[in-house]
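This report concerns only the one structure given below.
The values are calculated or read from the model by the stated rules, or taken from the named source; none is laboratory data. Quick caveat, the model's predicted, so the values are computed rather than measured. Note that we place each Cβ from the backbone using ideal geometry, even for glycine, and neighbour counts take in every protein chain shown.
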Amino acid sequence: MPTPPQKTLLHIAERHHWESARDTGAPYTMSTLGRTLDEEGFIHCSSNASQVDGVLAAFYTAVDPADLVLLVIDAERVGSPVRYEPVGDQVFPHVYGPIPVSAVFDVRSVPGTR
């Protein structure tokens, strides 16, 4: 059964990459830790806080939480295809294009417990 589209997407971003996009107004194009949209082909996102916690624990343990932010994205304003694809035993949203700064409606600290 396909996963229903989410209205909100979550993306763990390196603070300096997000702030650069925000400050210039250029679309956000980082896919994941140290990798761009062009390198990956899509931007990794999560559907909920539980997925964010799992991604932080699996891939970001060596990164200072102060260097990260959690982008809260309005999926309807992304303007690029969002596909829900299996990764392990879960289904994650992937954005197949840049994320306009205007689609990000909240920027939060990443959860501190990992």
Seminar exercise, completed: Scanning segment 29-54 residue by residue, those closer than 19 Å to A66 by Cα, touching a residue at least 24 places away in the same chain (Cβ under 8 Å) and touching a Phe, Trp or Tyr at 6+ places or on another chain (Cβ under 9 Å) turn out to be T32, L33
Exercise. Is it the case that segment 21-28 has a residue that's modelled with pLDDT under 95 and of a type in the set (A, V, I, L, M)?
Worked result: no
For this session: Considering (1) aliphatic (A, V, I, L, M); (2) closer than 20 Å to L37 by Cβ; (3) over 13 Å from the mean Cα position of the chain (by Cα), say which one A62 fails and leave the rest.
Result: (2)
Exercise. If you take the residues in segment 91-114 that are β-branched (V, I, T), under 14 Å from the mean Cα position of the chain (by Cα) and not in a strand (DSSP E or B), which one is surrounded by the fewest Cβ atoms within 10 Å (Cβ to Cβ)?
Worked result: V101
Exercise. Just one of the numbered conditions (1) modelled with pLDDT under 95; (2) in contact with a Ser or Thr (Cβ under 8 Å, 6 or more places away or on another chain) is not true of T36; which one?
Worked result: (1)
Problem set entry | T8 vs. criteria β-branched (V, I, T), at pLDDT below 95 and within 23 Å of P111 (Cβ to Cβ) | no
Exercise. Which number in (1) in contact (Cβ under 8 Å) with a residue 12 or more places away in the chain; (2) over 14 Å from the mean Cα position of the chain (by Cα) marks the one condition that W18 misses?
Worked result: (2)
